[in-house]
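What follows is a short report on a single structure.
Laboratory data are not the source of any read-out in this text; all were calculated from the coordinates shown. For clarity, every value in this text was computed on a predicted model and none was experimentally measured. Neighbour counts run over all protein chains shown; Cβ positions are idealised from the backbone, glycine included.
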Ligand SMILES: [Zn+2]
């Protein structure tokens, strides 16, 4: 017992990661992450593309390797060189959700709490009964007041159970009635959000979320931070493959900018891990690429990227063990040397191959 305790204390002290960022973009398919733009959808008929020549100029290339790099340059330079990417099923790496719903709230719940909860059957604003990893980290020594979420979809404040968790959360929309308002942004940003013609009813443009996140990180320097983007899902549902690709390209740029920003700050440099994933996949083919649900084949397939000082630089993973969305919460904690799975045994275990265990 004492030996075990000593071993775990030593392991914790030896982790290089002191800060963790979980970043998600809703419903971005593994197909685009690993193969780039898909030819079948680069047209008006299937992809609702308005400027086919312009889109091809920006994202069509002869090989999948060139296409994915054109679409997601940060993923396929920095993360591929120094981190890991799971989910290329054509190369024997499978990443999947374990909930059977294949839509958003069940997916966000799965990666934030580690549990695929069959009780969650809608995207309604119902306070989540499950404890999420950020709420739990907030109770750990050294993390109080150092955990926050800046997200683009109003329902996430209920998924994080803002009333119970008391986490600082910004969605650009009203929070649950009894949740404390702990993040206020500059009047300029609030004015830009208010003055922009909304496209969707409960999802704001990723541009604002990215700006809000950057401002918050510079000013407050959180140690555990959740950042959610969502245009990728909305544009796909709207049947606009052009906007879907451009939104994905922007998410890559936002992540790059955030990475460069934190690497320039002493609190974060060389001691910060980014974990990037999505809440569900989508179907395939000329119609089903737009959709995801328990009736859509393939919507259970996702991707996971991880970059940080405790992650072996294995790049694009091939022929490896299946990983799941339910492992994200414990992985977020594990890179900090924290044991979320130990506290919540139903939660998935950390993705062990993504973390270099000190002394091994
Ligand atoms: Zn979703």
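Helix-derived [θ] at 222 nm for the chain: sum -39500 (n - 2.57) over DSSP H runs of at least 4, divide by residue count, nearest 500? Provide the component values of the computation, followed by the final result.
Working: 16 runs with 131 residues, N = 360.
So the calculated ellipticity at 222 nm is -10000 deg cm²/dmol.
The distance between label points at residue 77 and residue 90 comes to 2.4 nm (points 7 Å beyond Cα on the Cα→Cβ vector). Distance from the C-alpha centroid of the stretch 281-360 to that of the stretch 213-244: 19 Å, rounded to the whole angstrom.
Once the C-beta distance of residue 53 and residue 191 is scaled by a Förster radius of 51 Å, the resulting FRET efficiency is 0.90 to the nearest 0.05.
The slack between residue 339 and residue 238, meaning 0.36 nm per residue of separation minus the straight C-alpha distance, is 32.3 nm. Here the simple spin-label model places points 7 Å from the Cα toward Cβ, and for residue 61 and residue 199 these points are separated by 2.5 nm. If you wrap the Cα atoms of the stretch 293-348 in a convex hull and average its projected area over all directions, you get 5.3 nm². Counting only DSSP beta bridges whose two residues both lie in the stretch 2-354, roughly 30 percent are antiparallel.
When a footprinting reagent is the concern and you count Cβ atoms within 10 Å, what order do 218, 240, 282 take, fewest first?
Numbers: 218 12, 240 18, 282 27.
Sorted ascending by nearby Cβ count, the order is 218, 240, 282.
Annotation: the residues 153, 60, sorted from fewest to most other C-beta atoms within 10 Å of their own C-beta, follow the order 60, 153.
Does the stretch 115-186 classify as rounded, prolate or oblate by the C-alpha gyration tensor (a ≥ b ≥ c root eigenvalues; a/c under 1.5 gives rounded; else a/b over b/c gives prolate, otherwise oblate)? List each step's numbers first, then the result.
On the way: a/c = 2.10, a/b = 1.16, b/c = 1.80.
Here the stretch 115-186 falls in the oblate category.
Taking the beta-carbon count within 10 Å as an exposure proxy, list 30, 200 from fewest neighbours to most. Numbers along the way, then the final one.
On the way: 30 25, 200 16.
Placing the least packed residue first, the sequence is 200, 30.
The mean of 1/r over all distinct Cα pairs in the chain, once inverted, gives the Kirkwood hydrodynamic radius of 20.5 Å. Taking 7 Å steps out from each Cα toward its Cβ at residue 182 and residue 129 produces label points 2.5 nm apart.
Projecting the alpha carbon convex hull of the stretch 38-106 along each direction and taking the average yields 6.8 nm².
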